[in-house]
Amino acid sequence: MQKFNELQLAKELIKFPSITPIDAGVMKFLEKKLKKIGFKTKILEFKEKGFKPVKNLYAKLGTKQPNLCYAGHLDVVPPGNMKDWTINPFQPSIKKGHLIGRGANDMKSSIAAFVSAVNTFLLINKKFNGSISLLITGDEEGDAVNGTRKVVEHLKKKKEKINFCLVGEPTNPNKLGEMIKIGRRGSLTGKLTIYGLQGHVAYPHRANNPSTTIVKILKELKDIRFDKGTKDFQPTNLEITKININNTADNVIPSLAEATFNIRFNNKHSSNSIKRRLNKIFVKINKKNKTKFKINYRVSGEAFLTKPNKTTYMIQNIIKKITKIKPKLSTTGGTSDLRFIKDISPGLEFGLVGKTMHKVDEAVSLKDLRNLTKIYLSILQNYFK
């Protein structure tokens, strides 16, 4: 059996400019690697009107239960201004004990660590009682329409059972071992458009300024105190991300004003309950100001919490043993694909340190990469005892 080194594999994966939703050949590359160590694989390409097609991979070794699944993504965010990087982001380089490149942190190195750990596990254990699978998407950083969401639907139809899922996102704020994610807040984006009546600024009584309405609405939205948080979640927060009054003249009252906001909400709320609350505000203020409005919502995911079980605590103990840090069970941060996977399996997230993800000169400590591989190997050994 071929032996994979996590550092070498991470370098090879980073070389593919797999910027969401472009695959760039990386999914096929990983598929070939997994086939070499005995996995049966299937590339799943999904399409939906209005969104670009996305390639995903489901690979499985074994047919018995339990099935331990690793989930991750091979898509990356754009590098931004290439001149700001000290290297070509898709020509990985090692500097001062760190591997630098787009995806080094989020999250190609984590995938490399798990594949290397599985490789070593299989060399030690010719036979084991269960199955190992990988659910890899190319649509985590983008719309998340044709990615893990659709893979989960496919697995449901095929009646494929996953007993526990380890998502390899970079969960640690500063040091490897600090944090395991067992849930995430929900995410709702709203794009609000206010329609008024254009006119001359010297004759406001002949016009109806939509900017006045939108300012009042945004103030009321920012004044909402949704909750104080819970023992598992931080408080719900609403942030205004865009305000647009597309007006090229200084002496014209505009006819239209737009704003976009995003809400990260905990499990005291659902996206529907928040929509109902906000819609009441929109109706009230627009009625008073005699303007009209349109609101478009997009829900990236509902808040969720996966109840810790014996596998959660086993993984927590392994991390503590290797890193000398007891990881906190947390729900902080953005969304992740566990929001889809939790519908078919219990799970958690644990990966690298996320300090440089999405940044210029994104990097991973070589020591952390080695230790993460050790952690993943120990998880496999203990799960299939």
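The numbers here are math on the coordinates, done by the rules we state, and not lab data. Note that this is a predicted model, so its numbers are computed, not measured. In this analysis, Cβ positions are derived from the backbone assuming ideal geometry, glycine residues included, and neighbour counts consider all displayed protein chains.
Normalised by the number of residues in the chain, what is the relative contact order in percent for Cα pairs under 8 Å and 6+ residues apart? Walk me through the numbers before you get to the answer.
Working: 846 pairs, mean separation 93.9, N = 385.
It rounds to 24 percent for the chain.
With a cut-off of 8 Å between alpha carbons and a minimum separation of six or more residues, what is the relative contact order of segment 186-301 in percent?
45 percent
³J(HN,Hα) across segment 15-29 via Karplus (A = 6.51, B = -1.76, C = 1.60, θ = phi - 60°), whole Hz, x for Gly/Pro?
5, 7, x, 7, 6, 2, x, 6, 7, 6, x, 5, 5, 5, 4
If the chain between Asp343 and Asn125 were fully stretched, how many nm would it gain, using 0.36 nm times the residue separation less the Cα-Cα distance?
Once the chain is fully extended between Asp343 and Asn125, it gains 75.4 nm.
Can you classify segment 34-190 as rounded, prolate or oblate using the Cα gyration tensor, where a ≥ b ≥ c are the square roots of its eigenvalues, rounded means a/c under 1.5, and otherwise it's prolate if a/b beats b/c and oblate if not?
Oblate is the answer for segment 34-190, as a/c is 1.5 or above yet b/c matches or exceeds a/b.
Just to check I understand the Karplus step: with θ = phi - 60° and J = 6.51 cos²θ - 1.76 cosθ + 1.60, what whole-Hz values come out for segment 300-312, glycine and proline as x?
In residue order, the calculated couplings are 7, x, 7, 5, 8, 9, 9, 5, x, 10, 4, 5, 4 Hz.
Can you pull the Rg over Rh of segment 1-64, Cα-only, Kirkwood?
That ratio equals 1.03.
Measure nothing fancy, just the Cα-based angle from helix 108-124's long axis to the longest principal axis of the chain, in degrees from 0 to 90, nearest 10.
20 degrees
State, to one decimal in nm, how far the label point of Val252 lies from the label point of Val299, with both points 7 Å from Cα in the Cβ direction.
Each label point lies 7 Å from its Cα, and together they span 3.9 nm.
May I ask you to work out the translational diffusion coefficient for the chain at 10 °C, viscosity 1.306 mPa s, via Stokes-Einstein with Rh from the Kirkwood sum over Cα pairs, reported in whole µm²/s?
70 µm²/s
Search the structure for amide H atoms under 5 Å from the amide H of Gly347, placed 1.01 Å from N in the peptide plane, and list their residues when 5 or more places away or on another chain.
Amide H neighbours of Gly347, under 5 Å, 5+ apart: Cys165.
Regarding segment 186-301, what is the average projected area of its C-alpha convex hull, in nm²? Show your work: numbers first, answer last.
Working: hull surface 29.2 nm².
Computing the convex hull of the Cα atoms and averaging its projections yields 7.3 nm².
Counting only residues 5 or more places away or on other chains, whose amide H sits under 5 Å from the amide H of Phe265 once H atoms are built in the peptide plane?
Placed amide hydrogens put Gly186, Ser187, Leu188 under 5 Å from Phe265.
For segment 284-329, state the semi-axes of the equivalent ellipsoid (square roots of 5 times the eigenvalues of the alpha-carbon gyration tensor), sorted largest first and rounded to whole angstrom.
50, 12, 9
So if we plug the beta-carbon distance of Met1 and Lys156 into 1/(1 + (r/R0)^6) with R0 = 25 Å, what FRET efficiency do we get, rounded to 0.05?
The calculated FRET efficiency here is 0.15.
Under the rule of at least 5 residues apart or a separate chain, name every residue whose amide H is placed under 5 Å from the amide H of Glu140.
Under 5 Å from the amide H of Glu140: Asp75.
Just need the relative contact order of segment 1-159 here, percent rounded to a whole number, with Cα pairs under 8 Å and 6+ apart.
Details: 278 pairs, mean separation 54.7, N = 159.
Computed over segment 1-159, the figure is 34 percent.
Can you compute 3J(HN,Hα) from phi for each residue in segment 222-232, using the Karplus curve 6.51 cos²θ - 1.76 cosθ + 1.60 with θ = phi - 60°, rounded to whole Hz and x for Gly and Pro?
Once rounded to whole Hz, the list reads 5, 7, 5, 10, 5, 5, 9, x, 10, 5, 9.
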